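Input: a single structure, listed below in structure tokens.
Values in this text are rule-based calculations from the coordinates and carry no lab data. Source: prediction; values computed, not measured. With ideal geometry, Cβ positions are generated from the backbone for all residues, glycine too; neighbour counts draw on all protein chains shown.
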Amino acid sequence: MKLNVMNALRHPGEIFDFEKDISIESAGGYETVGPLHISLQYTYDQSKVTVFGSANIDIKGCCDRCLKDAIVKLEFDFQEYFYKQENKPNEDAYTFDKNFVDLEEPINNHIELYAPMKLLCSESCKGLCKICGHDLNESDCDHVIKD
Ligand SMILES: [Zn+2]
Ligand SMILES: [Zn+2]
């Protein structure tokens with residue numbers, strides 16, 4: 001997931017656009033559905049490349065209530081700095097190599113951060129009966145107590 005920023009390195013201070021759908025199969029520890037869409041801008045200020053914008057992706061997991069597939073759309077803002085190796089302000093800072101910044105690690109970190117603690121197939125998922133395990137989205141079972 002490398003972004004060629006040569007034009008920015010050659011023209012410090014100018015802002016460049018980058019928009020792309022990237023095919024990936026997993027990210028941030030999740031299976032993904034469809035491409036990662038990124039809509040970014042990047043610029044170089046003589047010491048670092050700043051990449052900013054937004055991204056979205058559908059992640060897939062197991063519904064916390066009914067255990068069926070849950071697909072959740074994540075949308076997040078993105079802003080990261082990539083330094084020249086020799087200008088790295090700390091050990092954890094991202095760097096760029098020749099003309100490329102690698103978005104894979106920061107994107108994965110964002111997905112981990114923005115993914116909900118529990119995935120749901122839908123906000124209104126009724127889940128499984130705690131007694132017989134019946135899927136209450138399909139129908140009620142005898143254990144459903146009606147008010
Ligand atoms: Zn569910
Ligand atoms: Zn039941």
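Observations, loosely collected:
- Excluding same-chain neighbours fewer than eight residues apart, the aspartates and glutamates reachable from LYS130 by a Cα-Cα span under 16 Å are ASP64, GLU138, ASP140, ASP142.
- Projected label distance in nm at GLU75 and LYS60, using a 7 Å step from Cα toward the beta-carbon: 2.3 nm
- Relative contact order %, segment 13-147, counting alpha carbon pairs below 8 Å whose residues are six or more apart: 20 percent
- Between SER139 and GLU31, full extension at 0.36 nm per residue minus the direct alpha carbon distance yields a gain of 36.0 nm.
- Working note: Debye formula, equal point scatterers on the alpha-carbon atoms of the chain, no solvent; log10 I(q)/I(0) at q = 0.10, 0.14, 0.19, 0.20 Å⁻¹ is -0.48, -0.72, -1.07, -1.14.
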